[in-house]
Amino acid sequence: MDIEKELTVGRGYVVFPIENTDTFNKLRNSFVEKINISKKIGDNIDQIRKKLAKMTKAEINKTMVNLLSFNDLSEMIINSCPTLVKRLCGSELFIQRRAHTIINVPGEGQAKQWPHYELMSGISPFSYVIWAPLHDLQDQGGVYYIDQKKSYEIMKKEEEDGLVNGPTVLNLMTEQKPTLMKFGEAIIFNPFVLHGNVTFKSEFARIACNVRFQSYYKPLLQKNTDYLKYYKLV
Ligand SMILES: [Fe+2]
């Protein structure tokens with residue numbers, strides 16, 4: 001099944017190989033340079049992940065301030081996958097002004113994100129999200145996705161029961177298996193699929209980036225130009 005079909009009438013999410021690996025490598029190098037953890041560690045991503053895994057939340061938050069100058073992350077993710085983005089949304093886009101970099105730390109009491117769908121945060125139903133780890137992801141530190149059909153069923157049931165994040169949704173957090181990935185792969189998903197992450201055991205923290213985008217010709221609805229900016233793919 002092709003990606004477009006899978007995103008609209010299929011599972012609602014697809015793992016795909018990143019098209020411009022040079023751009024994506026530059027993105028990772030840029031992260032490594034900006035995070036600037038310690039001169040002793042060097043620029044090996046796994047060493048940085050090991051160091052992050054041992055840091056406290058406060059230390060990590062402080063380190064994240066180093067990423068404030070990562071202003072071109074949105075463009076870099078979009079330009080890593082231009083053909084796919086163009087096929088889905090055309091070349092005139094609204095893209096997130098500041099893409100996210102997320103660091104998830106292993107261990108109990110860390111990084112457990114309840115299942116949610118992106119529409120909840122007010123992006124339009126015409127948006128897509130690209131999510132990519134900056135390294136191989138062979139432990140349980142990734143993201144799990146609930147296929148679109150089941151996500152809709154759960155949402156409709158919640159609507160009927162007058163609940164938001166009731167037991168059906170919260171119970172999804174148990175026994176989920178996050179998607180395993182290789183560096184150079186990304187996940188694209190629509191704003192209707194439920195997803196989240198679980199606590200995981202590893203000696204490495206997980207580092208991933210994500211960006212939201214949509215066609216310039218579709219309504220923005222709740223989000224405005226504080227959140228999105230115009231961008232044209234050449
Ligand atoms: Fe999310």
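Please treat every number below as a calculation from the coordinates, not as lab data. Quick caveat, the model's predicted, so the values are computed rather than measured. Cβ atoms come from the backbone with ideal geometry, glycine included; neighbour counts cover every protein chain shown.
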| field | Relative contact order (%) - the chain, alpha-carbon pairs under 8 angstrom, separation at least six | value | 36
| said: To the nearest 20 Debye, how big is the dipole of the chain about its Cα centre, given +1 on the beta carbon of each Lys and Arg and -1 on that of each Asp and Glu? | reply: 620
| task | Could you pull out which residues in the stretch 12-30 have an amide N less than 20 Å from a spot 7 Å beyond the Cα of Leu68, following the Cα-Cβ vector? | result | 30
| request: DSSP loop (so not H, G, I, E, B), at most 15 other Cβ within 10 Å: list which trypsin sites (Lys or Arg not before Pro) in the stretch 26-68 pass both filters. | output: Lys39, Lys40
| Values of log10 I(q)/I(0), in the order q = 0.15 Å⁻¹, for the stretch 34-135 under a Debye, Cα-only, solvent-free model | -0.81
| task | Give me the distance between the Cα centres of the stretch 148-212 and the stretch 63-142, rounded to whole Å. | result | 14
| message | What distance in nm lies between label points placed 7 Å from Cα along the C-beta direction at Gln222 and Asn29? | response | 3.9
| Among Gly196, Gly107, Gly42, which one moves the most in a GNM of the chain with springs linking Cα atoms closer than 10 Å? | Gly42
| message | Shape verdict for the stretch 99-234, please, from the Cα gyration tensor: rounded (a/c under 1.5), prolate (a/b greater than b/c) or oblate. | response | oblate
| note | In whole angstrom, largest first, the equivalent ellipsoid semi-axes that the Cα gyration tensor gives for the stretch 3-216 are 28, 23, 15
